[in-house]
1. Taking a cut-off of 18 Å between Cα atoms, list the aspartates and glutamates near LYS62, but don't count ones fewer than 8 places away on the same chain.
2. Taking loop as defined by DSSP and a crowding limit of 12 other beta carbons within 10 Å, which GluC sites (Glu not before Pro) in the range 1-79 fit?
3. What accessible area per residue, rounded to a whole number of Å², is obtained for the chain using a probe radius of 1.4 Å?
4. For the pair TYR331 and LEU231, how long in nm is the line joining their label points, each one 7 Å along Cα→Cβ?
5. Modelled label-to-label distance, TRP147 and ALA296, 7 Å Cα→beta-carbon offset: nm?
6. Roughly speaking, what % of Cα-Cα pairs in the chain are separated by over 30 Å, rounded to a whole number?
7. What residues of the range 5-32 lie in the reach of a label at GLU121, counting those whose backbone N is under 20 Å from a point 7 Å from the Cα along Cα→Cβ?
8. Students often get this wrong, so check it: of LYS68/LYS106; LYS165/LYS265; LYS15/LYS68, which have C-alpha atoms separated by over 22 Å?
Amino acid sequence: MTTEVNTLLVPDLAKKIVREVQRLIPEHIIIIDVNGTIIAGTDPVRIGTFHEGARRCCEQKKTVIITKEDEHELIGVKAGINLPLLFHDEVIGVIGITGEPHDISKYGEILRKMTELLIHENYLAKQLELEQRSYEAFVFDWLQGTWSQSFLDRARTLGIHLQQKRQLILIEVSNDTAQRKLWHHIKNDNEDVLVRWGDNRLILLKSIASHTDVSVYVTRLKTDCESLLSLPIWIGVGQAGGARDMPASYEQAQRALSIALEQNKIIFYENLRLEMCLQDITPQTREQFLYRTIAACDEELLATLRTFIAHNQSYKQTAELLHIHINTLHYRLKKIEEATRLNPKVFEDLVTLYIALNLLDKEPKNKR
């Protein structure tokens, strides 16, 4: 028996199988490994004990019926049925049902098939996990700029064509459970590479063909996935390029994602303008800039300024949205000028105030 097959029926899986089977029948269930040791069961007292009937079941590769008389002849047995569990025609363990053989025989084959199905599903899930980890390790090296012969060989093994032009899409969700659901849900093309990235992010290296519209794709992706999860997702997109450009595209997607997290919309790095400069400002510079501009403004004045800017300095719209008289608006704008020494009615001063508001939004909340 190969080592891989021999390790398929581990105690954690055996316990899961017992829980599933227990829902179907009222009888006691045990799961035994190929050495005859009970590794899971509905009767905790028997776990860890030797079961001679199961050992014979493994050796003979067929169902073994245990009678009342056998209880006195065989070690660790109770009346019932022992059925071999097969994987690729090899015995990997035994499932035992305790009770009068005549009464429980009707369950035997159904339970054996159900158990083998659970084992097979678990095996496929593990194989998928191993494959995914191979892709994750490859993408990690890719984004580190590691281009060795070993790297190129792994690309061929994984079926990744490095000649393909791609665009890196960075997706963030709120937790690892949502991440796994999203990973299973996203339908990517054969040339795409999708990997989990940490606990709550995904990287999609989207292949770019002449007919591909990444903007349409990510918009649909965000809508579909938020509907699936009933949770928000955030997307930052780097610029398109060849395989060697992907480390740079990753850095760009990270910067775009940081803006997406603030604005709750899809952000393409190529569309960033002022945000690019604001991201590079140090915390010390940000703090000094705010101190010299809007630090003395209270929340009411800040809300007034935001509304005034958001509606193209329209006095009428600003006053209506704030539910105030237009004279009150003029009064508040004057208060802003007194507090900041910057006049919101003067274009150059308004630009400075706008930058200050953007920097304030990037400041950690606990420092405000």
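1. By straight Cα distance, LYS62 reaches ASP33, GLU52, ASP70, ASP89, GLU90, GLU109, GLU116.
2. On the way: sites: GLU4, GLU20, GLU27, GLU52, GLU59, GLU69, GLU71, GLU73; in loops: GLU27, GLU69.
Listed in order of number, the matching sites are GLU69.
3. Values: 20250 Å² over 368 residues.
Per residue, the chain has 55 Å² of solvent-accessible surface.
4. About 4.8 nm, to one decimal.
5. 5.7 nm
6. On the way: 41504 of 67528 pairs.
Considering the chain, 61 percent of its Cα-Cα pairs are separated by more than 30 Å.
7. It comes to 8-26, 29-32, nothing else.
8. Details: LYS68/LYS106 19 Å; LYS165/LYS265 25 Å; LYS15/LYS68 27 Å.
The pairs that break the limit, which is 22 Å between Cα atoms, are LYS165/LYS265; LYS15/LYS68.
The values are calculated or read from the model by the stated rules, or taken from the named source; none is laboratory data. This is a predicted model, so every value here is computed, not measured. Cβ: placed from backbone, ideal geometry, glycine included. Neighbour counts: every protein chain shown. Protein only, heavy atoms only, side chains kept; ligands, DNA and RNA dropped before computing areas. Shrake-Rupley method; radii C 1.70, N 1.55, O 1.52, S 1.80 Å.
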